[in-house]
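Comments concern the structure below.
The values are calculated or read from the model by the stated rules, or taken from the named source; none is laboratory data. Note that this is a predicted model, so its numbers are computed, not measured. Glycine also receives a Cβ, built like all others from the backbone with ideal geometry; neighbour counts cover every protein chain displayed. Ligands, DNA and RNA are excluded from the accessible area calculation, which covers all protein heavy atoms including side chains. Shrake-Rupley method; radii C 1.70, N 1.55, O 1.52, S 1.80 Å.
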Amino acid sequence: MITQVRNILYISISCLIVGMVSAQEKELQKATKQYEQYEYINAQETYLKVVEKGYRSAELFQNLGNSYYFNSQFKEAAKWYGELIQSYPEEATPEYYFRYSQTLKSIGKYAEADTYMEKFVASKGTDQRGQLFEEEPDYLERIDFQSGRFEIANVAINSAYTDFGTAFFGRHIIFSSSRDTLLFNKRIHQWNEESFLELFSAEYNATNGELSEVKKFGDGKLNTKFHESTPVFTKDGATVYFTRNNYDGKKIGKDAKGTNKLQLYRAYKNSQGSWTTPQPLPFNSDEFSTAHPALSIDEKTLYFSSDMPGGEGQSDLYKIAINSDGSFGTPENLGKKINTEGKETFPFISTNNDLYFASDGHIGLGGLDVFVTRLVPLTEEEGLVINIGKPVNSQKDDFAFIVDEASKRGYFSSNREEGKGKDDIYSFLKLEDRRSFCKITLTGVVTDKDTGELLAGAKVAIYDSSNNLIASHVVGADAAYTQEVKCGSEYFVRAEKENYVTAEKLVTTPGKTTTLTVPLLIENSIKKATIGDDLAKVLSLNPIYFNFDSATIRPDAAVELAKVIEVMQQYPQMKIEVRSHTDSRANDQYNLALSNRRAKATVGYIVSKGITNGRLTGKGYGESELVNHCKNKVPCSKENHQLNRRSEFIIVE
């Protein structure tokens, strides 16, 4: 495309070569003058002649690289930026590490590009572009995650020239092109030796996205002999905002250096259905560019791109209120979430209130990429700036994205190599909305349940709801584990260690990105016990319950008594006293006698399993040591009474 319009750079008007110097120096001065006047094609030719004659300098390689970079000829730019950085590293400012990284991406050298982004971060750590790179070291993975959601096609109306920047207008698509201006107007833009852009119209098929019947747009009122591009229309089709060179039809506006900038214009449909003479918007300036308008859903806010003073970078996105009388408020920068030190441009607001825009400051595949964020997010994730992925984005410049959310069809522009012209319009069908980046981080430490000791060497295994192993970790000295899992899912987190009882927790993850702390407490299966300890507590036994008014050992009690027997077999010197307790029902004397019978029954059961009688004593305590409020004449449930019918195993030797 006409890269000046795309990148909000400048057109220079005059040229003068002065000085009588040697032929080579004269050529170099000529090239530098052409470069300073944005005559990049001419500057390239002259610089290359100087290089062929053996001249080398940091400024030469810098300017030569820039002349290609600003025309999105990234492969050629990479060559000369490489020469600059390799030959004159001390004179290569941090910005050239960034640009070199961008050009390396555009030729698929991502690992090398990342190396130079790391150098950029090291030399200019406060730059948001570097910070974003540090925050997203897995950016290629994240872009791949969003990829494949669009089906794209190069539209039939593209020409061998520049075609880009579409806008919906009823049953038509309005776009910018340099296609036939050379036939009638021999004026050439010296930035890239292309003719100037005009607005064209094409029939729009909302069913399949095809475009046809191309013709000039604007009944002679909107197009001039300079650039017109990137219109946006109100829903009723009665008002258009668009980008034009600072030109009123008679006079070319210039800044203090003699440079012509881009400005925003507005025109209305009159009662005869023709466009009125476009008027520049009042916040334009001769000293900076404003371009690429977009309208909010309610059409009360105009979004645009500008390099006005006070912004974050080379061009930023702004918004401004449109008052009911057609006047405007004050431009507001969209802030650092959107804007970087690079280029943010080509905004578009969908009916979902999504802001799409092109940027080379946010992390992408090379050149400009298309990004999206929700203007009024309901969740943290909706507020993220997300690269929409391939195939819309590529290693080249991808920009000017628009979408009709009803049909899921839309258009974007790109200068990818397989196109018909320098920039082409591509149609797309959106197959799927952007995917949730939701990730859950499970984290925690493994500790001894009783002592709180960190258990280095414990194994943590994570299983999905179908008991498939997701990951396993052997924790280090800090006993900590970390694992990323999916949102809205169930997982079993299991901890195990030799001489410890395996423990497992069921974790249900939420539907939004967060960190869940899941501590794992596991119990030592070999516990230390001293005289006076209750073996039931040491072994974490379930209570030895008896049925009401009974001293018979229940099956569930037999299971617990087997654990006591096992410990006494492991420690043949151990002696214990079995203490039996009853609930408060029946009289006190009867309960004391009952508890004695239960203590003897318990001792007898253990002895019957091979433990010598001399190692056991038994005593009943009746209802004298209740564990709850269920005293005589206090109404209690069966379950509460059962808690008092229990046995203890006190180590006495």
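Within the stretch 98-133, the residues that satisfy the criterion of being modelled with pLDDT under 95, touching a helix residue (DSSP H, G or I) at 6+ places or on another chain (Cβ under 6 Å) and open to solvent by 40 Å² or more (accessible area, probe 1.4 Å) are I107, K119, S123, K124. Pairing each residue of the stretch 35-64 that is closer than 14 Å to E83 by Cβ and in a helix (DSSP H, G or I) with any residue that is at pLDDT below 80 and open to solvent by less than 70 Å² (accessible area, probe 1.4 Å), provided the two are 6+ apart or on different chains, yields C-beta distances under 6 Å for Y47/A31; V50/E27; V50/L28; N63/Y35; L64/Y47. A count restricted to the stretch 592-627 and to residues that are among the polar types (S, T, N, Q) and either within 14 Å of S647 (Cα to Cα) or touching a His at 6+ places or on another chain (Cβ under 9 Å) (or both) stands at 5. Within the stretch 221-237, residues that are more than 15 Å from I349 (Cβ to Cβ) have Cβ atoms under 7 Å from residues that are part of a loop (DSSP other than H, G, I, E, B) and of a type in the set (F, W, Y) in these pairs: K225/F196; F226/F196; H227/F196, counting only partners at least 6 apart in sequence or on another chain.
Confirm whether E496 is over 30 Å from N596 (Cα atoms) and loosely packed, with under 15 Cβ neighbours inside 10 Å. It is false that E496 is over 30 Å from N596 (Cα atoms) and loosely packed, with under 15 Cβ neighbours inside 10 Å. None of A122, A77, A111 is in a helix (DSSP H, G or I), within 17 Å of G342 (Cβ to Cβ) and over 20 Å from the mean Cα position of the chain (by Cα) except A77. Has the stretch 226-238 got any residue that is open to solvent by 10 Å² or more (accessible area, probe 1.4 Å) and modelled with pLDDT under 85? Within the stretch 226-238, one or more residues are open to solvent by 10 Å² or more (accessible area, probe 1.4 Å) and modelled with pLDDT under 85.
Residue-by-condition table, conditions (1) touching a Lys or Arg at 6+ places or on another chain (Cβ under 7 Å); (2) of a type in the set (V, I, T); (3) part of a loop (DSSP other than H, G, I, E, B):
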site	(1), (2), (3)
L199	no, no, no
T207	no, yes, yes
G218	no, no, yes
T230	no, yes, no
F242	no, no, no
G249	no, no, yes
D255	yes, no, yes
Y265	yes, no, no
S271	no, no, yes
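Taking G614, is it buried (at least 21 other Cβ atoms within 10 Å of the Cβ) and not in a loop (DSSP other than H, G, I, E, B)? Write out each step before concluding.
Working: buried (at least 21 other Cβ atoms within 10 Å of the Cβ): no; not in a loop (DSSP other than H, G, I, E, B): yes.
No; evaluated as a whole, the condition is false for this residue.
V607 - would you say it is surrounded by fewer than 17 Cβ atoms within 10 Å (Cβ to Cβ), in contact (Cβ under 8 Å) with a residue 40 or more places away in the chain, within 22 Å of E566 (Cα to Cα) and hydrophobic (A, V, I, L, M, F, W, C)? Considered against the rule, which asks whether it is surrounded by fewer than 17 Cβ atoms within 10 Å (Cβ to Cβ), in contact (Cβ under 8 Å) with a residue 40 or more places away in the chain, within 22 Å of E566 (Cα to Cα) and hydrophobic (A, V, I, L, M, F, W, C), V607 comes out as no.
Go over the candidates L140, L182 one by one and state the one that is under 28 Å from F70 (Cβ atoms), modelled with pLDDT under 90, open to solvent by 20 Å² or more (accessible area, probe 1.4 Å) and not small (G, A, S). Break it down stepwise before answering.
On the way: L140 fails: modelled with pLDDT under 90.
Unique residue meeting the criteria: L182.
Looking only at the stretch 273-285, filter to residues that are in a loop (DSSP other than H, G, I, E, B) and of a type in the set (S, T, N, Q); which one of those is least open to solvent (accessible area, probe 1.4 Å)?
By that ranking, first place goes to N284.
Beta carbons closer than 9 Å, at least 6 apart along the sequence or on distinct chains, pair a first residue in the stretch 456-467 that is touching a residue at least 60 places away in the same chain (Cβ under 8 Å) with a second that is open to solvent by 30 Å² or more (accessible area, probe 1.4 Å) and not in a strand (DSSP E or B) for A458/K497. Just one of the listed residues (A78, A58) is touching a Ser or Thr at 6+ places or on another chain (Cβ under 8 Å), surrounded by 23 or more Cβ atoms within 10 Å (Cβ to Cβ) and more than 21 Å from L132 (Cβ to Cβ), and it is A78.
Do we find a residue being free of Cβ contacts under 8 Å to residues at least 40 places away in the same chain, in contact with a strand residue (DSSP E or B) (Cβ under 7 Å, 6 or more places away or on another chain) and under 22 Å from V564 (Cα atoms) anywhere in the stretch 615-631? Within the stretch 615-631, not a single residue is free of Cβ contacts under 8 Å to residues at least 40 places away in the same chain, in contact with a strand residue (DSSP E or B) (Cβ under 7 Å, 6 or more places away or on another chain) and under 22 Å from V564 (Cα atoms). Scanning the stretch 253-272 for residues that are among the aliphatic types (A, V, I, L, M), within 14 Å of S289 (Cα to Cα) and surrounded by 13 or more Cβ atoms within 10 Å (Cβ to Cβ) yields L262, L264. When every residue of the stretch 583-591 is checked against the conditions, at least one turns out to be modelled with pLDDT under 85, of a type in the set (S, T, Y) and either in a loop (DSSP other than H, G, I, E, B) or surrounded by 16 or more Cβ atoms within 10 Å (Cβ to Cβ) (or both). Report yes if some residue within the stretch 343-354 is hydroxyl-bearing (S, T, Y), touching an Asp or Glu at 6+ places or on another chain (Cβ under 7 Å) and closer than 29 Å to A267 by Cβ; otherwise report no. Checking the stretch 343-354: at least one residue is hydroxyl-bearing (S, T, Y), touching an Asp or Glu at 6+ places or on another chain (Cβ under 7 Å) and closer than 29 Å to A267 by Cβ. No other residue among S350, S305, S315 is farther than 25 Å from D255 by Cβ, under 25 Å from the mean Cα position of the chain (by Cα) and among the small types (G, A, S) apart from S350.
Do we have L506 as loosely packed, with under 12 Cβ neighbours inside 10 Å and under 21 Å from A471 (Cβ atoms) here?
Criteria met by L506.
Within the stretch 572-581, identify whether any single residue is under 27 Å from C630 (Cα atoms), basic (K, R), touching an Asp or Glu at 6+ places or on another chain (Cβ under 8 Å) and surrounded by 13 or more Cβ atoms within 10 Å (Cβ to Cβ), and answer yes or no.
Of all residues in the stretch 572-581, those under 27 Å from C630 (Cα atoms) come to 577-581.
The next check asks that each one be basic (K, R); those that pass are 579.
Among the residues that remain, those that are also touching an Asp or Glu at 6+ places or on another chain (Cβ under 8 Å) are: 579.
Add one more test, that the residue is surrounded by 13 or more Cβ atoms within 10 Å (Cβ to Cβ), and what stays is 579.
Checked against the condition, which is being under 27 Å from C630 (Cα atoms), basic (K, R), touching an Asp or Glu at 6+ places or on another chain (Cβ under 8 Å) and surrounded by 13 or more Cβ atoms within 10 Å (Cβ to Cβ), the stretch 572-581 yields at least one hit.
S195 satisfies every condition listed in (1) of a type in the set (S, T, Y); (2) open to solvent by 20 Å² or more (accessible area, probe 1.4 Å); (3) modelled with pLDDT under 90 except (2). Residues that are under 15 Å from E453 (Cα atoms) and either at pLDDT 90 or above or of a type in the set (K, R) (or both) within the stretch 490-521 comprise A495, E496, K497, P519, L520, L521, listed in sequence order.
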